[in-house]
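In what follows, a structure is listed as structure tokens, so that the remarks can point back to it.
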Amino acid sequence: MNKSIYRKLAINNIRKNKSTYLPFGLAGGTMTALFYMLISIRNQVAVTAFVGGSDMKIILNLGVWVCCIFSVLVIFYTNGFLLKRRNKELGLYNVLGMEKRHIGKVLFWEIILAGFGSMIGGLLGGLLFAKLMFLVLLNMLHLNTGFEFGISFDAAAVTLGLFTLIFIVTILYNNLRLIRLKPIELLQESNAGEREPRAKWVLAILGVICLSAGYYLAITTQNPIEALFVFFIAVLLVIAGTFLLFITGSIAFLKILKKNKGYYYHKTHFITVSGMMYRMKQNAVGLAEICILSTAVLVVLSTTVSLYVGIDDVMRTRYPSDVITNYIYEPEEDAKNGMEYDYDPSLIAETIRDHAMKYDVQMEDIQGHYSIGTVGKINEGRFTPDYYGLDSKVFLYAITLADYNSAVEGNAGLAPLDNDHIYLFSISPEFASMDSIAITDEVFRVDPASSDMELDEVWAKRLGIYADAIFVVVSDFDELVLMQTGINDAKSSDDMGITSVMYNYEFNLEGNLSDKEEFSRTLRAALNEADIPHVATVENIFTPRQEFIELYGSLFFIGIFIGAIFLMATAMIIYYKQISEGYEDRGRFVIMQNVGMSREEVKRVIKNQIRTVFYLPIMLAIVHIAFAFNIILKLLAMLNLTNVTLFIGCTLGTILVFAIIYWIVYKLTARSYYQLVHS
Amino acid sequence: MPLLTVNNLKKVYTTRFGGNKVTALKNVNFSVEEGEFAAIMGESGSGKTTLLNILATMDRPTSGEVILNGRNTGSIHENELAKFRREHLGFVFQDFNLLDTFSIEDNIYLPLVLAGKEYGEMNDKLKSIAIKLGISDILKKYPYEVSGGQKQRTAIARALITDPAILLADEPTGALDSKSAGALLKTFSDIHKDGQTILMVTHSVKAASHAGRVLFIKDGEIFHQIYKGNMTNDEMYMKISNTLTILLSGGDLSE
């Protein structure tokens, strides 16, 4: 046979099957473009040494893998669909005298032409788009590095390599399938009679249990340190629950409706209920996938958008004051080393004041106090230091009464305490209600005045992200040192380090930004020069700002990027679902018109069905989001975002935008469905 | 007055890209009396399916009129056609046209549900029809679980449950083996005896031999008809065969 005939046949077939080849090509092209863009951006970031670049590279690498997996899934899914539709056509070739190897050659050329065509097209589109995306990314990061973004040959090579591999595997798969099939099977239509799905009650109930358990975990998590682990478990449970519910729960529900004769034998319910039953059987998996993907898009987008928009909030949570310094107080340790230092806080204050004058900045909200802070757990009213394990941890922060009373001006202050008395504050009712507590071996009575007082904002923000935290005010400095000694003695191993009494000195700055930055940059040197002992932390909100913007900006970018990929995959699944259903439903609706259903009625029933099937996944996705709300807030708290209003706003905004895009996809795909049913 | 009157019916199809015109029916005239069992016979391409589609109001004639129960079907508005079909016509198709997604029972209920009937009323009707057609045992089954003959009985039940003025059957035995076909034709005879008006289109001599009158259609025209009178099915079969032989050999027929 003339060799070019296969190619000609292939071209002809693609043209004839364009309603299915077009989305196949689009999917391949878009995935190629997305993949190329991601790779080229990662490569650019890798070679450009800018602050935060390394973090971003790690995140982008993750995105590359996600994109790779999704490309494989999307192309295999679309190819599988393509093949299923064409059984009869291929069978006919076989009957008309083409051998399987000939048909294989035709299929080979079809994938070569459609697949590689879309790959090249996608790559070119990606080249153009990548430049645009990169400029957008740089703008978002407020960077002005001015580095060139040319064509990345490396990225193009990797992309071409990956997609060539995917298409080759596709061709192999198609041929393997062809070899296994008998011509009669190819010819036979797929509607060999479908059994009505049976309701699997056990699985349906299991689905409800999984979902409830996942929701319960998500709602009840209090501890953000635990949140990540719990989140993981909850996600798995919810995914399992979603699949089970879509597959069995939906059918069980429809069965119940069907049992109710008064409801079932009604003009619209009759056709909808039975039609839905078959749709759910065929599409439950697809719908569950859409639901999970939608949820993922919403979570990724709402969190990354919140982080990016809330960057100032994040900074302020991480840095309660503009400049934070602290110093270890350990005269006993010094004595052991044969040293002696002057631990006078006023020396610190003076040094910094002089430094501020030098850089023409004004200090405000100055705050100095001694403290100890450590993590541990409380068992039967006894606090012991403990850093390890996933069980819930309590953060202990202790200061002296004198520091507490002098911190806030105009405050009446707390009454003096006996040595074995403390004030104790906690937002956790369990700890706030304690009337005595042992901190390691020393037992303290909690002054009853504690429960009547609100912890001042200056101190409250110090407890930061810890949900389980106790804030303790001790009678005097000696008591604080005693407590510190007790804590260190109680530590089970040297790995746990030493808890020290710290002197904290922090303040906000007024002045112009470059002065403030310069002041902050040189502060540590100035403190060392003044011979201030054991300078520990010297940090400020100005220097890391750029780093924060870059990190959260890249998170944001990746969020949008991955969101776009997920959305693409979702739209693709929806489109194929519509097409495949269109083919199957066509015959059904012709019959209904024959037995006396008007075109209008048919149209209404169709609309009703696709709308239900369509909105079901996104509705459930929104329910998922609602239940995930608490745990996501806790996770965001770990990333220093505590602004609930902002997160609610971002989530609602994301849902709205997503719903609009989803609706557009629905409208577009519904049209091709109607065309199929009505032709 | 006859139940169904067809006057000067003409149907011309225009091929898709303009140009050619194909005349499927030209000047068809006949009538069917109430309670009659009539068959229309003809070769493939003779226009019998076009005729049935027009009678079924699924297609519109180019000219001429169809009067059912004193009403001109051509004057019924598009929006009311579905309702008209549902209320006055019953259909039985060659390939059954049952919905796989419904049980036998629900398939039969379909037209009544579409008409908005109460379940109790529907259930009573179903019971009596199911007994008559011998399908009471399979009501809960699905179309893919029963035989061809049972499927066609289901289709007849679906057509009869609305008490149609006329039952239109398009090659009802076409997809059945000879034994099932025989049983099904007996069913048709039975429901005809109960007073149901039937118009059947077929090219099976055996099927036509059960009818009280057979009309022959060729090249879009009714050009002959024979009455069964007191003949047995076998005698009728012979007569139809002979008529067809003369027809095919191109001879002239005279009454």
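The values are calculated or read from the model by the stated rules, or taken from the named source; none is laboratory data. These figures come from a predicted structure and were not determined experimentally. For neighbour counting, all protein chains shown are included, and Cβ atoms are generated from backbone atoms with ideal geometry for every residue, glycine included.
Some observations on this one:
- Long-range neighbours under 8 Å by Cβ, at least six apart or interchain, first residue facing chain A (nearest Cβ under 7 Å) within region B:84-95, second polar (S, T, N, Q): B:Arg85/B:Thr57; B:Arg86/B:Thr162; B:Phe91/A:Asn594; B:Phe91/B:Asn97
- Check on A:Asn608, over 15 Å from A:Ile311 (Cα atoms) and in contact with a Phe, Trp or Tyr (Cβ under 7 Å, 6 or more places away or on another chain): no
- Cβ-Cβ distances below 6 Å connect the following pairs, each with a first residue in region A:618-635 that is closer than 19 Å to A:Cys210 by Cβ, a second residue that is surrounded by fewer than 19 Cβ atoms within 10 Å (Cβ to Cβ), and a separation of six or more residues or different chains: A:Asn630/A:Ile219.
- Unmet criterion (only one of (1) buried (at least 17 other Cβ atoms within 10 Å of the Cβ); (2) modelled with pLDDT of 90 or more; (3) not acidic (Asp, Glu)) for A:Ser500: (2)
- Verdict on B:Asp100 being among the charged types (D, E, K, R), in a helix (DSSP H, G or I) and within 13 Å of chain A (Cβ to nearest Cβ): no
- Any hit, region B:178-185, residues being more than 13 Å from the chain's Cα centre (by Cα), within 14 Å of chain A (Cβ to nearest Cβ) and aliphatic (A, V, I, L, M): no
- For first residues located in region A:299-328 and more than 30 Å from A:Asp344 (Cα to Cα), partners that are part of a loop (DSSP other than H, G, I, E, B) and of a type in the set (A, V, I, L, M, F, W, C) and lie 6+ apart or on another chain with Cβ distances below 8 Å form the pairs A:Ser306/A:Leu641; A:Leu307/A:Leu639; A:Leu307/A:Leu641; A:Gly310/A:Leu641; A:Asp313/A:Leu641; A:Val314/A:Leu639; A:Val314/A:Leu641; A:Met315/A:Ile541.
- Residue satisfying all of: in region B:106-130; aliphatic (A, V, I, L, M) and within 26 Å of B:Asp190 (Cα to Cα); surrounded by the most Cβ atoms within 10 Å (Cβ to Cβ) among these: B:Ile108
- Selection of region A:251-271 for residues being farther than 11 Å from B:Glu118 by Cα, within 13 Å of chain B (Cβ to nearest Cβ) and surrounded by fewer than 16 Cβ atoms within 10 Å (Cβ to Cβ) yields A:Lys259, A:Asn260, A:Thr268.
- Looking across region B:158-174, the residues that are over 13 Å from the mean Cα position of the chain (by Cα) and either crowded, with 24+ Cβ neighbours inside 10 Å or within 11 Å of another protein chain (Cβ to nearest Cβ) (or both) come down to B:Arg158, B:Ile161, B:Thr162.
Here is a yes/no grid of residues against (1) touching an Asp or Glu at 6+ places or on another chain (Cβ under 8 Å); (2) over 24 Å from B:Met236 (Cα atoms); (3) without any contact (Cβ under 8 Å) to a residue 60 or more places away in the chain:
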residue: B:Leu9; (1), (2), (3): yes, yes, yes
residue: B:Glu34; (1), (2), (3): no, no, no
residue: B:Phe37; (1), (2), (3): no, no, no
residue: B:Gly47; (1), (2), (3): yes, no, no
residue: B:Ala56; (1), (2), (3): no, yes, no
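- Members of region A:441-483 found to be at pLDDT below 75 and aromatic (Phe, Trp, Tyr), listed by number: A:Tyr466
- Residue pairs meeting the criteria (Cβ under 7 Å; at least 6 apart or on separate chains; first of a type in the set (Val, Ile, Thr), in region A:340-362; second in a loop (DSSP other than H, G, I, E, B)): A:Ile348/A:Ile532; A:Thr351/A:Ala530; A:Thr351/A:Ile532; A:Val361/A:Gly511
- Only one entry in A:Ala670, A:Ala637 is out of contact with any Leu (no Cβ under 9 Å at 6 or more places or on another chain), part of a helix (DSSP H, G or I) and under 23 Å from A:Val238 (Cβ atoms), namely A:Ala637.
- Of the candidates A:Ile209, A:Ile151, A:Ile225, the single residue that is away from every other protein chain (no Cβ under 14 Å) and either modelled with pLDDT under 70 or surrounded by 15 or more Cβ atoms within 10 Å (Cβ to Cβ) (or both) is A:Ile225.
- Qualifying residue in region A:655-664 (condition: within 14 Å of chain B (Cβ to nearest Cβ) and at negative phi): no
- Conditions (1) over 22 Å from B:Ile198 (Cα atoms); (2) free of Cβ contacts under 8 Å to residues at least 24 places away in the same chain; (3) more than 10 Å from chain A (Cβ to nearest Cβ); number of the one not met by B:Asn79: (3)
- Taken as a whole, the condition of being among the acidic types (Asp, Glu), over 26 Å from B:Ala159 (Cα atoms) and either at pLDDT 80 or above or not assigned by TED's automatic domain parsing to the domain that holds A:Phe507 (or both) does not apply to A:Glu584.
- Selected residue (criterion: farthest from the other protein chains (Cβ to nearest Cβ)) from residues of region B:104-139 that are outside any helix (DSSP H, G or I) and under 22 Å from B:Ala183 (Cβ atoms): B:Gly134
- The number of residues in region B:140-154 being surrounded by fewer than 19 Cβ atoms within 10 Å (Cβ to Cβ) and either within 9 Å of another protein chain (Cβ to nearest Cβ) or not in a helix (DSSP H, G or I) (or both) comes to 6.
- Test: residue in region A:508-517 that is in a loop (DSSP other than H, G, I, E, B) and either in contact with a helix residue (DSSP H, G or I) (Cβ under 7 Å, 6 or more places away or on another chain) or basic (Lys, Arg) (or both): no
- A:Ser250, sole failed condition from (1) polar (S, T, N, Q); (2) farther than 20 Å from A:Ala284 by Cβ; (3) modelled with pLDDT under 85: (2)
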